[in-house]
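Chemist: Have a look at the structure that comes next, please.
The values are calculated or read from the model by the stated rules, or taken from the named source; none is laboratory data. Because the structure is a prediction, the values reported are computed rather than measured. Methodologically, a virtual Cβ is constructed for each residue, glycine included, from the backbone with ideal geometry; neighbour enumeration extends over all protein chains shown.
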Amino acid sequence: MPHIWIEYSGNLDLDTRTLMRTVQDAAVGDGTLFPLAGARTRALRVDDCLIVDGHPDNAFIHVVLRIGHGRSDAQKAALGERVFQALSAVLAPLMAARPLGISMQIEEADPVLNYKVNNYRDYLAARAAEAAAALAAPPRTVVGAALNTRQALQALGDTMDAPPYKAAPQAPVLYIKPANTYAQDGDVITLPADVDEVEVGACLGVVFSRRATQVSEAEALAYVAGYRVVADLSVPHASYFRPALKQKCRDGFCPIGRDLAPAASVPDPDALEIEVNVDGVLAQRATTADLVRPVARLIADVTQFMSFDAGDMLLVGAPYDAPRVRAGQRYDIRILHVGTLGNRLAAATA
């Protein structure tokens, strides 16, 4: 008995009965290859598959027609053209709406004709364009990790064991840098009238290349487009466990380096030297090797409960004992393999 097999990816909600009927009706045709009595059919959902760039939206549908021996090449070609045309027509709305690959093969003992069509290249180009635009634009979201260096935790001493927390943080302690804080390399940062000095947290900014949701530590760095130098400016404060919005979210308090260091050019994000100079004098030397949660683990932990899109940025944590800078002074940050960032501070004018 002839066979019709349909395999499809698990991310499709497919009406297999209707699709099978379309294939079978086209295959039967005049009855010369498939008997009018029908064929043995099977539809199989495949949950574990990898297509092109591994994007979770990629989908496929594969049809196998198994026929008996003794048919001519012309008969086989006519069957294939007829069925694949019907298959493509019925799936056209689905292909117009999402990345989809459609393939079909005709078998005797072995495959003798293969038919394929997909629009993956179009979607790959569209995703690449969207990612490039997102990376060129200011980030939609900037999230920072506090208390993510060993020195910062050690400095708290017994404070962590006191009420109400009574223990070191078990999950990342996060804060936000909203859009009003964004500034660029070389900008003059005007301090608010009620602020005499700021702490300059020299941060490695992890920039995402695509949507990251509940990624594993092993796969985390595959979601990274590159890295930027970021200055996490903050009014000095002692609030560690609660979001210090008033201290961290003033206008211009998140200068971001212009250059994106591609992920491939940074050999190890967990072994980067950081230097901060104030008015040309070395004020701090640190390294990302001191992170409590290394970059991949931090990404994995944070994406368990929030998603990042292309262009979004995660600050891995400022080194402990950040230099303090006042109006009239200039700071310059250098992170090995990533780049530099510098800004002068100015006092508010009346």
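Chemist: Within the range 79-90, take every residue that is free of Cβ contacts under 8 Å to residues at least 40 places away in the same chain and buried (at least 16 other Cβ atoms within 10 Å of the Cβ) and give me the one that is farthest from the chain's Cα centre (by Cα). Full working, then the answer.
Modeler: Restricting attention to the range 79-90, the residues satisfying the condition of being free of Cβ contacts under 8 Å to residues at least 40 places away in the same chain are 80-81, 84, 88-89.
Remaining after also requiring buried (at least 16 other Cβ atoms within 10 Å of the Cβ): 80, 84.
Numbers: 80: 40, 84: 36 Å.
If we take residues in the range 79-90 being free of Cβ contacts under 8 Å to residues at least 40 places away in the same chain and buried (at least 16 other Cβ atoms within 10 Å of the Cβ), then 80 is farthest from the chain's Cα centre (by Cα).
Chemist: Report yes if residue 207 is within 30 Å of residue 124 (Cβ to Cβ), hydrophobic (A, V, I, L, M, F, W, C) and modelled with pLDDT under 95, otherwise no.
Modeler: Working: within 30 Å of residue 124 (Cβ to Cβ): yes; hydrophobic (A, V, I, L, M, F, W, C): yes; modelled with pLDDT under 95: no.
No.
Chemist: Given the options 125, 155, 132, name the one that is part of a helix (DSSP H, G or I), under 14 Å from the mean Cα position of the chain (by Cα), farther than 17 Å from residue 315 by Cβ and among the aliphatic types (A, V, I, L, M). I'd like the intermediate steps shown before the answer.
Modeler: Working: 125 fails: under 14 Å from the mean Cα position of the chain (by Cα); 155 fails: under 14 Å from the mean Cα position of the chain (by Cα).
The conditions single out 132.
Chemist: Among the numbered conditions (1) basic (Lys, Arg); (2) touching a residue at least 12 places away in the same chain (Cβ under 8 Å); (3) assigned to a loop (DSSP other than H, G, I, E, B), tell me where residue 116 comes up short.
Modeler: (3)
Chemist: Does residue 226 meet the test of being buried (at least 19 other Cβ atoms within 10 Å of the Cβ), touching a residue at least 24 places away in the same chain (Cβ under 8 Å) and closer than 28 Å to residue 127 by Cβ? Let's see the steps before the verdict.
Modeler: Numbers: buried (at least 19 other Cβ atoms within 10 Å of the Cβ): yes; touching a residue at least 24 places away in the same chain (Cβ under 8 Å): yes; closer than 28 Å to residue 127 by Cβ: yes.
Here the answer is yes, as residue 226 does meet what is asked.
Chemist: Based on what the data block shows, is residue 104 among the aliphatic types (A, V, I, L, M), assigned to a strand (DSSP E or B), within 30 Å of residue 14 (Cα to Cα) and in contact (Cβ under 8 Å) with a residue 24 or more places away in the chain?
Modeler: Working: among the aliphatic types (A, V, I, L, M): yes; assigned to a strand (DSSP E or B): yes; within 30 Å of residue 14 (Cα to Cα): yes; in contact (Cβ under 8 Å) with a residue 24 or more places away in the chain: yes.
Against the criterion (among the aliphatic types (A, V, I, L, M), assigned to a strand (DSSP E or B), within 30 Å of residue 14 (Cα to Cα) and in contact (Cβ under 8 Å) with a residue 24 or more places away in the chain), residue 104 qualifies.
Chemist: Considering each of 269, 319, 262, 294 in turn, give the residue that is farther than 17 Å from residue 148 by Cα and not small (Gly, Ala, Ser). Let's see the steps before the verdict.
Modeler: On the way: 269 fails: farther than 17 Å from residue 148 by Cα; 319 fails: farther than 17 Å from residue 148 by Cα; 294 fails: farther than 17 Å from residue 148 by Cα.
262 is the lone residue from the list that is farther than 17 Å from residue 148 by Cα and not small (Gly, Ala, Ser).
Chemist: Shifting gears a bit: Say we look at the range 266-278 and pick out the residues that are at pLDDT 95 or above and out of contact with any Phe, Trp or Tyr (no Cβ under 8 Å at 6 or more places or on another chain); which of these is nearest to residue 188 (Cα to Cα)? Before the answer, list the steps.
Modeler: Within the range 266-278, the subset at pLDDT 95 or above is 266, 268-278.
Now drop any that are not out of contact with any Phe, Trp or Tyr (no Cβ under 8 Å at 6 or more places or on another chain), which leaves 268, 270-275.
Working: 268: 32, 270: 30, 271: 30, 272: 27, 273: 25, 274: 22, 275: 20 Å.
Here the residue is 275.
Chemist: If you don't mind, another one. Filter the range 242-292 down to the residues that are free of Cβ contacts under 8 Å to residues at least 24 places away in the same chain, more than 17 Å from residue 200 (Cβ to Cβ) and hydrophobic (A, V, I, L, M, F, W, C) and list them by number.
Modeler: Scanning the range 242-292 gives 264, 271, 289.
Chemist: In addition: Do we find that residue 300 is surrounded by 14 or more Cβ atoms within 10 Å (Cβ to Cβ), touching a helix residue (DSSP H, G or I) at 6+ places or on another chain (Cβ under 6 Å) and not in a loop (DSSP other than H, G, I, E, B) in this structure? Spell out the reasoning first.
Modeler: Values: surrounded by 14 or more Cβ atoms within 10 Å (Cβ to Cβ): yes; touching a helix residue (DSSP H, G or I) at 6+ places or on another chain (Cβ under 6 Å): yes; not in a loop (DSSP other than H, G, I, E, B): yes.
Spelling it out, residue 300 is indeed surrounded by 14 or more Cβ atoms within 10 Å (Cβ to Cβ), touching a helix residue (DSSP H, G or I) at 6+ places or on another chain (Cβ under 6 Å) and not in a loop (DSSP other than H, G, I, E, B).
Chemist: Still on this structure, please answer the following. Can you tell me how many residues in the range 275-289 are crowded, with 16+ Cβ neighbours inside 10 Å, within 34 Å of the chain's Cα centre (by Cα) and among the small types (Gly, Ala, Ser)?
Modeler: Number of matching residues: 1.
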